[in-house]
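A quick write-up on the structure given underneath.
The values are calculated or read from the model by the stated rules, or taken from the named source; none is laboratory data. Keep in mind it's a predicted model, so treat the numbers as computed, not measured. All Cβ positions, glycine included, derive from the backbone under ideal geometry; neighbour counts span all protein chains shown. Please note that ligands, DNA and RNA were not included when accessible areas were found on the heavy atoms of the full protein model with its side chains. Shrake-Rupley method; radii C 1.70, N 1.55, O 1.52, S 1.80 Å.
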Amino acid sequence: MERENVWKSYDEAAIQELNRVNEGYKAFITTAKTERKCVRETIRLAEKAGYRDLDQVIEKGETLKTGDCVYAQIMGKAIALFKIGARPLTEGMNILGAHIDSPRIDIKQNPLYEDAEMAFLDTHYYGGIKKYQWVTLPLAIHGVIVKKDGTVVDVEIGEKEDDPVVGITDLLPHLAADQMGKKASAIIEGEDLNILVGSQPLKGEEKDAVKAQILTFLKDTYDVEEEDFLSAELEVVPAGKARDYGFDRSMVMGYGQDDRVCAYTSLAALLETGDLQYTGVCLLVDKEEIGSVGATGMASHFFENVVAELLDRLGIYSGLNVRRALKNSRMLSSDVSAAFDPIYPAVMEKKNAAYFGKGLTFNKFTGSRGKSGSNDANPEYMAKIRRIMDENHVAFQTAELGKVDQGGGGTIAYLSAKYGMQVIDSGVPVLSMHAPWEICSKADIFEAKKGYEAFLREA
């Protein structure tokens with residue numbers, strides 16, 4: 001049952017292809033640090049590969065046929081791409097699903113204040129983070145500010161070489177005796193994750209002169225007022241590019257690899273796969289880190305509605321056909337797995353853990369406390385997936401998320417399974433999951449892309 005380290009099997013040609021895939025991946029997660037930017041970059045890559053906007057197809061009254069490639073997005077934060085297969089859509093789709101939101105720190109609606117002649121932005125963290133990991137790091141701000149007239153202003157501060165960065169301060173160890181005695185969850189309080197953005201007072205201002213200086217910067221740079229924060233969506237993320245990790249460059253370090261490593265490999269698999277028997281889908285959704293809620297999360301009707309529109313363009317729409325198309329589908333719900341870390345072995349069960357260098361990971365079930373919240377895939381489907389991976393020489397492994405009763409986690413799988421489709425969790429093992437900088441093995445990224453291509457062709 002032990003899996004070989006897949007690096008041992010690669011020849012020079014495989015190494016070159018592995019490096020090509022990983023260079024594309026690093027570029028993607030460096031550019032796409034928010035959901036909006038993930039969707040934009042996905043659309044750019046898709047249109048380059050010949051995909052068309054489904055809304056434009058509908059507006060022009062065009063129909064679709066086998067081989068056509070289209071995409072649909074909602075609110076700029078979730079997207080579905082389709083490559084129409086030879087078989088009727090009612091016979092089901094092969095779906096690669098992942099989420100594109102990642103743990104981060106969000107700016108509040110009324111954030112800017114001054115204290116001790118320093119200007120700060122107040123925040124509310126998003127998703128499951130260890131708050132103490134986010135202090136004393138160079139941070140960048142990404143997002144949009146929408147003015148009352150509807151003008152959308154793109155914001156990005158901290159990524160260019162000559163940009164300033166921002167950050168969160170911490171207490172010096174000389175005065176931290178009380179702080180160091182706290183539980184790790186309370187060392188840094190959520191309300192103390194305030195972003196330091198300035199310290200120079202504006203000349204001629206008597207009250208809150210540093211805040212006034214920041215408002216002047218925002219007006220001069222983005223033509224926005226303080227009130228415009230009320231309709232802004234600004235996300236604070238680690239500043240800097242994804243990079244090779246390790247002396248041997250065998251790993252990737254980057255922000256947001258949960259779950260953009262699965263999003264990119266799913267996207268690349270669909271864009272690089274040829275003609276298909278069953279319609280191939282790459283579904284990238286928002287809000288998984290906070291329960292898949294909202295109009296852009298997997299719990300919404302976004303995907304179901306797009307399938308209905310697709311059936312209409314194929315000339316076979318009916319409410320029953322929508323249900324048949326979804327029920328007869330097969331899905332890999334792609335989300336990252338916890339990689340075994342030999343520094344912290346106590347939380348893992350070694351026989352059922354994911355390891356670096358052993359390929360794409362399948363989780364028959366996730367959840368916690370007796371599989372609560374888990375999809376728990378059928379063994380018949382797992383057997384089919386095993387066959388596909390073996391026949392296509394894809395390195396894969398199976399895992400659970402830690403020891404029983406140690407913790408657990410959820411994915412979007414159960415939300416797709418409600419339609420009756422076959423769903424199993426799959427993904428790439430990650431070290432330091434949910435930390436500002438996460439680590440993945442290049443080999444596992446490569447095998448995931450290969451596995452997703454095989455699934456699209458043969459599931």
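What pairs from K33/K287; K33/K83; K60/K327; K37/K130 go past 19 Å between their alpha carbons?
K33/K83; K60/K327; K37/K130
If each DSSP helix of 4+ residues adds -39,500 (n - 2.57) and the sum is divided by the residues in the chain, what number results at 222 nm, nearest 500 deg cm²/dmol?
Mean residue ellipticity at 222 nm (helix-derived): -9000 deg cm²/dmol.
May I ask for the Rg/Rh ratio of the range 277-368, computed from Cα atoms with Rh as the Kirkwood radius, given to two decimals?
1.10
Tell me which aspartates and glutamates have Cα within less than 17 Å of K160's Cα, excluding those fewer than 8 residues away on the same chain?
Result set, ordered by chain and number: E235.
Rounded to whole Å, give me the distance from the Cα center of the range 350-397 to that of the range 63-107.
23
With θ set to phi - 60° and the Karplus curve 6.51 cos²θ - 1.76 cosθ + 1.60, what are the ³J(HN,Hα) couplings of the range 97-107 in order, to the nearest whole Hz, using x for Gly and Pro?
Listing the rounded values in order: x, 8, 10, 10, 8, 9, x, 6, 10, 9, 7 Hz.
Can you work out the Karplus-derived ³J(HN,Hα) for every residue in the range 166-173? Use 6.51 cos²θ - 1.76 cosθ + 1.60 with θ = phi - 60°, whole Hz, and x for glycine or proline.
3J(HN,Hα) across the range 166-173, in whole Hz: 10, x, 10, 7, 9, 7, 5, x.
Compute the orientation-averaged projected area for the chain from the convex hull of its Cα atoms and round it to one decimal in nm².
Computing the convex hull of the Cα atoms and averaging its projections yields 24.5 nm².
Starting with the highest mean, order 358-365, 389-396, 36-43, 96-103 by the number of other Cβ atoms within 10 Å, averaged over the residues of each peptide.
With the highest mean Cβ count within 10 Å placed first, the list reads 96-103, 358-365, 36-43, 389-396.
Compute the helix-to-body angle for 379-391: its Cα long axis versus the longest principal axis of the chain, expressed 0 to 90° and rounded to tens.
90
Within 10 Å, count the other beta carbons around each residue, average over each peptide in 329-338, 86-95, 222-231, and list them highest first.
Ranked from most to least packed, the peptides come out as 329-338, 86-95, 222-231.
Enter the Cα centre distance for the pair the range 108-170 and the range 197-243, rounded to the nearest angstrom.
Computed from Cα coordinates, the inter-centre distance equals 9 Å.
Could you list which residues have their amide H under 5 Å from that of Y125, counting only those 5 or more apart in sequence or on another chain, with H placed in the peptide plane?
D106
Calculate one ³J(HN,Hα) per residue across the range 33-42 by plugging θ = phi - 60° into the Karplus curve 6.51 cos²θ - 1.76 cosθ + 1.60, and present them in order as whole Hz with x for glycine and proline.
8, 9, 4, 4, 6, 4, 5, 4, 5, 4
Any idea of I188's accessible area? Nearest 10 Å², probe 1.4 Å.
Estimated to the nearest 10 Å², I188 gives 10 Å².
Can you give me the long-range amide H partners of H434? Hydrogens built in the peptide plane at 1.01 Å from N, cutoff under 5 Å, separation of 5 or more residues or another chain.
The list, which skips near neighbours in sequence, is D258.
Taking 8 Å as the Cα distance limit and 6 or more residues as the minimum spacing, I'd like the relative contact order of the chain as a percentage.
That works out to 22 percent.
Can you give the Rg to Rh ratio of the range 263-318, both from alpha-carbon atoms, with Rh computed by the Kirkwood formula?
1.04
Please list, or write none, the lysines whose alpha carbon is within less than 24 Å of the alpha carbon of K8, excluding same-chain residues fewer than 8 places away.
K26, K350, K351, K358, K442, K449, K450
L276's amide H: which non-local residues (gap 5+, or another chain) put their own amide H closer than 5 Å, with H modeled 1.01 Å from N in plane and none for Pro or chain starts?
Those qualifying (amide H under 5 Å, at least 5 residues apart or on another chain) are A86.
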